[in-house]
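Taking it in order: structure first as structure tokens, then the write-up.
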Amino acid sequence: MSNNKRGILDMNAFDASSQESIASPLLKRRTDNIGAASVLFYKKPIEMVSARGCWMTDVAGERYLDFYNNVPSVGHCHPHVTAAITQQLETLNTNSRYLSEITESYLEKLKSTLPPELKNVVMTCSGSEANDLAMRIAKTNTGSQGFIVTATAYHGNTEYVTQVSPSALKHGVCPDYVVTIPEPGSAAYGDDIEAGFNQAVSGAIALLTDRGYGVAALLCDSIFSSDGVFSDPAGFLKSAVDTVHRAGGLYIADEVQPGFGRTGDCFWGFQRHGVVPDMVTMGKPMGNGFPVAALVVKPDLLQNFCDDVGYFNTFGGTPVAAAAAMAVMEVIEQEGLQQNAKTIGLYLRQQLTLLSKTDKRIGEIRGAGLFIGLDLCDPGTGEPAAQLAIQVINGLRDEKVLIGAAGPYGHTLKIRPPLCLNQKEADFFIDAIKKVLERLAN
Ligand SMILES: Cc1ncc(COP(=O)(O)O)c(C=O)c1O
């Protein structure tokens, strides 16, 4: 079993240098066009041609249940979202420097889901841009430069945000002004995750102070997705957030993955922890695939930043972006998707827990709503089983289920289907994983 810390994407991606399946003309064109930046899921990549609801269809007409992708959160190609985008695109699409009814209506709707302190919204095109801006605002307002993140965090792709994304740094470590702390699980902190995590944050603050940076912010994905999905006990973030505030730092809640009802209990992941962030960043499911993201922020923090530098984003907050995002909110409400995430998510966790009783390769099962992490382990030693995770991912693909993994060793299956998943589809997944695990046992 190999437990090196290579990301699962690397381990299970198509390897162009192998030339193994370069026979496909489309694959060759892709490799020629995109070069080293091309990363494709699976050793044998799939060409998708259409999708609807929780299902995607490939060029050969095979249908796959999508448990991978939390962007088409209300269902692939949802007709209400498609219609809203099309209608607005046929009417007006311009930058955010004109008055726009649809934009203000959307922002009011969005804010109604958030704590009242968070009164201002800056719309961007990606979660990376939102986090980059949040970090700059934190630095300006605190006069400090230090950031605290978890050890396998991912927060985006700009230069600044890459520095606080240890999971993206293939060779190096984070710079001196970034301190990483272990993910908030029992492996790192034992039974009292809240106390352990708080202590780790206190230690990180002390280190940043010693190094002369001070603490600008604690930046956390509210469900610690790339760390391997850590959700419980609800409320464990509270002490750490209080500690950061006492030290003069800010708390940025990265909701790019857990936001928009996915955790079932609440609309936002941080709400499960009973904390009020100074800034919230969001993206991925916000437009169900249309590129829209945002930073929501306390007004004084934004004011201080804007006194110093301007911020403009050409494609951020266009009327079409607002129409897409508004339609997503409407679907979540009208189809009761947050409640569905809670109900079906619970059902999935129960079924997986049942399975774990008879299969020692299944370790911890964590998560909330339709965001579940399932550890695959060596049944003898309990060690993370990354190679087994790759086999399961590829076995599930054969069973027509698409899924990914996370965590420092890539041994945590990341279960993250669209929020409209129904029980029949949940059962399809359970049957598939049972079959795959049985096959791999023989
Ligand atoms: C937790 C988290 N934050 C931020 C980002 C960056 O978002 P984007 O890819 O839209 O820039 C991601 C993307 O995977 C993410 O998972």
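None of the figures in this text is laboratory data; all of them are computed from the coordinates on show. Source: prediction; values computed, not measured. FYI the Cβ positions are ideal-geometry reconstructions off the backbone, even for glycines, and counts take in every protein chain you see.
Structure notes:
- Under 5 Å from the amide H of residue 401 lie the amide H atoms of 65, each residue being 5 or more positions distant or on a separate chain, with H modelled from the backbone and absent for Pro and chain starts.
- Sequentially through segment 192-205, phi angles give Karplus couplings (6.51, -1.76, 1.60; θ = phi - 60°) of 9, 5, 4, 5, x, 5, 4, 5, 5, 5, 4, x, 5, 5 Hz, Gly and Pro residues having no value and appearing as x.
- Qualifying lysines (Cα of each under 20 Å from Cα of residue 400; at least 8 residues distant if same chain): 43, 44, 414, 424, 434, 435
- 3J(HN,Hα) along segment 103-108: 5, 5, 4, 5, 5, 5 Hz, from the Karplus curve 6.51 cos²θ - 1.76 cosθ + 1.60 with θ = phi - 60°, whole Hz, x for Gly and Pro.
- Per residue, the convex hull spanned by the Cα atoms of segment 69-173 measures out at 170 cubic angstrom.
- In a reduced charge model with +1 at each Lys and Arg Cβ and -1 at each Asp and Glu Cβ, the chain shows a dipole moment near 700 debye about its Cα centre.
- One Cα centroid belongs to segment 85-152, the other to segment 370-392; the line between them spans 36 Å.
- Look at 76, 155, 245 and count the other Cβ atoms within 10 Å of each Cβ; fewest to most, that gives 245, 76, 155.
- Of the residues 154, 251, 177, the one that moves most in a GNM of the chain with alpha-carbon contacts below 10 Å is 177.
- Mean residue ellipticity (222 nm) of the chain, computed from DSSP H runs ≥ 4 via -39,500 (n - 2.57), nearest 500: -12000 deg cm²/dmol
- Aspartates and glutamates whose Cα lies under 14 Å from that of residue 119, excluding same-chain neighbours fewer than 8 positions away: 104, 108, 278, 300
- Around residue 358: net Lys/Arg minus Asp/Glu count, Cβ-Cβ under 13 Å: +2
- Positive-end ranking of 193, 204, 162 along the dipole of segment 143-236, with charges on Cβ about the Cα centre, is headed by 162.
- Candidate aspartates and glutamates - alpha carbon under 16 Å from residue 109, same-chain residues fewer than 8 apart omitted: 101, 117, 330, 333
- Restricting segment 295-329 to chymotrypsin sites (Phe, Trp or Tyr not before Pro) that sit in a DSSP loop and have at most 15 other Cβ atoms within 10 Å of their own Cβ leaves 311, 312.
- Segment 79-334: C-alpha gyration tensor shape, a/c 1.5 cut-off, then a/b vs b/c: prolate
- Farthest toward the positive end of the dipole of segment 79-334, out of 215, 171, 267, is the Cα of 171, where the dipole comes from beta carbon charges about the Cα centre.
- Rounded to 5, percent antiparallel among DSSP beta bridges of segment 79-334: 35
- Fewest-first sequence of 255, 117, 101, 399 by Cβ atoms within 10 Å of each Cβ: 101, 117, 399, 255
- Among 264, 203, 395, the largest mean-square fluctuation in a Gaussian network model of the chain, built with springs joining Cα atoms closer than 10 Å, belongs to 203.
- Stokes-Einstein D for the chain, Kirkwood Rh over Cα pairs, 25 °C, 0.890 mPa s (µm²/s): 109
- A Cβ-based charge dipole, computed about the Cα centre of segment 379-442 with Lys and Arg at +1 and Asp and Glu at -1, lands at about 120 debye.
- Selection from 382, 324, 124, by position along the positive dipole direction of the chain (Cβ): 382
- A simple count of charges around residue 75, restricted to other residues whose Cβ falls under 9 Å of its Cβ and scoring Lys, Arg +1 and Asp, Glu -1, yields 0.
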